[in-house]
Amino acid sequence: MSNTPNVVDPNTAVRVFLDSYRSSAAPLNYAVLLTGPWGAGKTHFLKTYLADCGQSYIYVSLYGVSSTSEIDDQIYRQLHPVLSSKYTKLGGVIARGFLKGALKIDLNNDGKDDGSINIGIPEIDFTDFTKNAKNQLLVFDDLERTAMKPAHVLGYINAFVEHEDIKVIILANEAEIEKDDVDFKRIKEKLIGQSLAIVPSVEAAYPELLKLVADPWTAQFLEQSKAQVLDVFSQSQANNLRVLKQALWDFERIAKNFRPTDLTHTSELVRMLQAILALSIDVRTGRLPKEQLQNLKTNRLSRLLGHGKDREKSPLELSEDRYPDIDLCPTSLDPDLIDSLLARGYVEPSAVQASLDRSPPFISIDTEPSWRRAWYGYRSTDAEYAQSMAALERDFAAYAFVEAPIIMHVFGILLHAARIGYGKTLAQTQKACRAYVDDLVANNKLVLTTAFSKGFRTDTGYGGLGYTDVNTPEFKNLETYLTTSINKAWSRKLPALAAELHDMLKADPEQFTQQTTINNSPNCSVYWNVSLLQHIAPAAFAQTLLVLEPNTQIMVIQGLATRYERGHSAEVCATELPWLAKVYRQLRKATRILGPMSRYRLDTTLAHYLAPLLPSKSESEKPKSKVASKPKLTSTD
């Protein structure tokens, strides 16, 4: 008899039956089918059971097998491991013909054949098999994954069972096979004497799953958190041990980036574990589309209150209902980090640490920005909510929020507070928010993001969190007001920025080109889509170009052409091309006083890079003939 498991095993009855089947001295002439869905742990269960019993067996994987000769080869290699090794196996030892036969099926024992099915007869020498595999079981796994018809494989197996009294156990997802193979049920009734359903035993499998976790601290933490892991798996009702294994690996990808100081916050780490497991299981079972992960940026209360009662719930809301006591987006787990983990399978260590460093307990409550604390107000008691809102209002009164995305977070939080009856009315809140923007602009406190002069997106949130109250008219009005104010402030700043760029052209022409074009430079291209060069006097810009070293002069002109050719906004082209035409005319005028080579080089460069971008006032300004090739930069060494 097999060893009694230390935990409650839902497959105890299966073990008892297999004990009887293995030990029977009488000819049984039937095979046993262990059935269950993908990931139920059929293979793990049987191999563990046979090891506990000390039962030897020959294991045949049917995954991808397309002929019975391939099955013969697997059996032969296990009967004769030395002869079939890569050092001694000869081509003719295993190569045998594929014999076709017909299995006659008598379903009602009336002595007449009720049907037949073509099969491949095993070419294994049964005398050889009996001598070398005495008392061994023959195990066939993954029947539903064979490239042959499963019914044909059963016909092959029948030769072992019916004619040689060899005990056979078959592992398969029976329900999946019966969908596609109409002959399967007929031959199964002749060959299979007992079908036994395997129920996933996560308790029994858990120690084996932990052996697959490579990171030592993670494996120890998962052992200590076994109760929480099993609870999540139970709530998921996935009944799929392979999915649980993958979910544990997902947590490991995050956990191996924890710092020593992070490991003391056990309670929060457990909450992260529960969220990752629940989301991973639901994504991997297809119940939660990966696209839904971005919706974690919106707090759950907003989702519940933002739609009608009769609407159909989203997949994310169904996941939240499935795990009612688990916060699928704890404060320490950035939604963008979850999306990277489950949608792309990879996370940057720095992203994990940044996610932890945004909220307690990994940082002190005094370090956490007041707007983030207030954003999570729906999880707070009334006293905690009042405390977080008081901190936010103090920072608001001190004009501490100067970046547009954070300002809109604050506005959304204040609007929602007014909507639920905390503090000022909606009208008073809107007035205070507009006055806040006016003061920032008047005192030049507003931080302007130069790469996005037209504002910012509110649909994706900021800092890993979606905007509160984002779909209300009040929020949209304040968003428009802030964007308009940003653009006005930005316009006033453009001349000074243009002067800085002109100075950059004089001091570092290469950096000027990097900052004004889309390119592969590691440095951020700040002004590639910002219309501001028109604030530089065309004559002054042309004079700066004329004194540049020849190769550098060509590089800068090439960069100007690139600025207007490669997908830049229509606004940049519409605003700057008239300015560029003036620069072009200044440069053409200057060629009259240049030496022969300088004049030729500049004329050629302008003709090929700038002239095609400009509508000339007369044909005389166009080059009279097309030059054969573009000028190339030479070494500056």
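The values are calculated or read from the model by the stated rules, or taken from the named source; none is laboratory data. This structure is a prediction, so every number in the text was calculated from the model and none was measured. When we count neighbours, we look across all protein chains shown, and the Cβ atoms used for this are built from the backbone with ideal geometry, even at glycine. Accessible surface areas use protein heavy atoms only, side chains included; no ligands, DNA or RNA. Shrake-Rupley method; radii C 1.70, N 1.55, O 1.52, S 1.80 Å.
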Exercise. Evaluate segment 502-523: report whether one residue or more is under 22 Å from residue 602 (Cα atoms), of a type in the set (Ser, Thr, Tyr) and either touching a His at 6+ places or on another chain (Cβ under 6 Å) or outside any loop (DSSP other than H, G, I, E, B) (or both).
Key: yes
Exercise. Take the residues in segment 142-160 that are modelled with pLDDT of 90 or more and of a type in the set (A, V, I, L, M, F, W, C), then tell me which one is nearest to residue 41 (Cα to Cα).
Key: 143
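Report, by residue number, each residue of segment 328-364 that is of a type in the set (Gly, Ala, Ser), open to solvent by less than 20 Å² (accessible area, probe 1.4 Å) and either part of a loop (DSSP other than H, G, I, E, B) or touching a Phe, Trp or Tyr at 6+ places or on another chain (Cβ under 8 Å) (or both). Talk me through it step by step, then tell me what you get.
Taking segment 328-364 first, the residues of a type in the set (Gly, Ala, Ser) are 332, 340, 343, 345, 350-351, 354-355, 359, 364.
So of that shortlist, the ones also open to solvent by less than 20 Å² (accessible area, probe 1.4 Å) come out as 332, 355, 359.
Selection gives 332, 359.
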Quiz item: So residue 182 clears everything in (1) under 22 Å from residue 237 (Cα atoms); (2) surrounded by fewer than 15 Cβ atoms within 10 Å (Cβ to Cβ); (3) among the hydrophobic types (A, V, I, L, M, F, W, C) except one condition, right? Which one?
Solution: (1)
Quiz prompt | Residue, surrounded by the most Cβ atoms within 10 Å (Cβ to Cβ), within segment 310-327, restricted to residues that are of a type in the set (Ser, Thr, Tyr) and not in a helix (DSSP H, G or I) | solution = 323
Practice problem: All but one of (1) under 30 Å from residue 489 (Cα atoms); (2) open to solvent by 50 Å² or more (accessible area, probe 1.4 Å) hold for residue 371, so report the exception by its number. | Solution: (2)
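Give segment 386-408 a look and list any residue that's more than 14 Å from residue 373 (Cβ to Cβ) and within 33 Å of the chain's Cα centre (by Cα), or say none.
Of all residues in segment 386-408, those more than 14 Å from residue 373 (Cβ to Cβ) come to 397-399, 402-405, 407-408.
Residues satisfying the conditions are 402, 403, 404, 405, 407, 408.
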Quiz item: Is there any pair linking a residue in segment 276-298 that is touching a residue at least 24 places away in the same chain (Cβ under 8 Å) to one that is part of a helix (DSSP H, G or I) and of a type in the set (Lys, Arg), with Cβ under 7 Å and at least six apart or on different chains, and which?
Solution: 283/290
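For segment 530-549, what are the residues that are part of a helix (DSSP H, G or I) and either on the phi > 0 side of the Ramachandran plot or open to solvent by 50 Å² or more (accessible area, probe 1.4 Å) (or both)? Break it down stepwise before answering.
Let us first name the residues in segment 530-549 that are part of a helix (DSSP H, G or I), namely 533-535, 538-546.
Matches in segment 530-549: 534, 535, 539, 543.
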Quiz item: Of (1) open to solvent by 10 Å² or more (accessible area, probe 1.4 Å); (2) under 25 Å from residue 29 (Cβ atoms), residue 172 satisfies all except one. Which?
Solution: (1)
